[in-house]
Amino acid sequence: MEKSILLPLLLTLLAGLATSIGSLIAFFAKKTNRKFLSFSLGFSAGVMIYISFVELFPQAKLILSNSFGEKLGFGLTSLWFFIGIFFIGIIDRLVPSAENPHQIRSVENLNSKSTKDNKLMRVGIITALVIGIHNFPEGIATFISTMDNPTLGFAIAFAIAIHNIPEGIAVSIPIYQATGSKKKAFWLSFFSGLAEPIGAILAYLVLMPFLSQQLLGYVFAFVGGIMVFISLDELLPAAREYGESHISIYGLVIGMIVMATSLIVL
């Protein structure tokens, strides 16, 4: 493999495997730290929203305007931004709400009495598959962004890793309740996160041979749309459901400040 793709692959892998951190939290924490999760999800949303509107959209507009002119470039940027929103929105609509990976589940659920049945096992497995589907385009986003701008790629990977932690909890709890095996729950959560590096490898094999400035502009706008949708439809509502709405907004603002500072300094 070319040396230049090692960092993008590593960042994508680490972001995806953050689901394992969520699984470990579910097993070893005695109670859900709702303030921490609410702040973290808000922080992740702040990073994603700031990156999308301050970095990705303007970069896409600049690239496409240089290729097609100011008006058409702006139009194409907006088009691919909304295509990204509709793409991830369609994926989300196809997922039953009870098995959605962003359905709130608490560590306390591990200690609740529950019959070991096939329904819980089905919820856990489908949740893992759905997380894989969600993580696939995120892997492509992290990989392509890091290839073009490592600082930007690191920020995206960090935000995605934070939002993958509750997803790991969402997989582990129903699997553990169904089987009584922490090992099975952990490994299913672990493998669900591998969809991100798989997405990165696919991006390398399929997109990289054809990557031009124009395609890069489309990808940046597309990724921006995906991240805005994830932030507004998944991260912020999930943060508020943990019962700490003000803390989630503080997290969002601090996420934006940290992202702005890092882009200025780095």
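Results, tabulated for the structure shown:
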{"quantity": "Verdict on residue 194 being modelled with pLDDT of 85 or more, out of contact with any helix residue (DSSP H, G or I) (no Cβ under 8 Å at 6 or more places or on another chain) and within 16 Å of residue 12 (Cα to Cα)", "calculated": "no"}
{"quantity": "Residue match in the stretch 251-261 (condition: touching a Ser or Thr at 6+ places or on another chain (Cβ under 6 Å) and of a type in the set (S, T, N, Q))", "calculated": "no"}
{"quantity": "Set 229, 190: member being in contact (Cβ under 8 Å) with a residue 60 or more places away in the chain and more than 15 Å from residue 137 (Cβ to Cβ)", "calculated": "190"}
{"quantity": "Of all residues making up the stretch 210-241, the number that are among the hydroxyl-bearing types (Ser, Thr, Tyr) and either out of contact with any helix residue (DSSP H, G or I) (no Cβ under 6 Å at 6 or more places or on another chain) or farther than 17 Å from residue 86 by Cα (or both)", "calculated": "1"}
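The values are calculated or read from the model by the stated rules, or taken from the named source; none is laboratory data. Quick caveat, the model's predicted, so the values are computed rather than measured. Methodologically, a virtual Cβ is constructed for each residue, glycine included, from the backbone with ideal geometry; neighbour enumeration extends over all protein chains shown.
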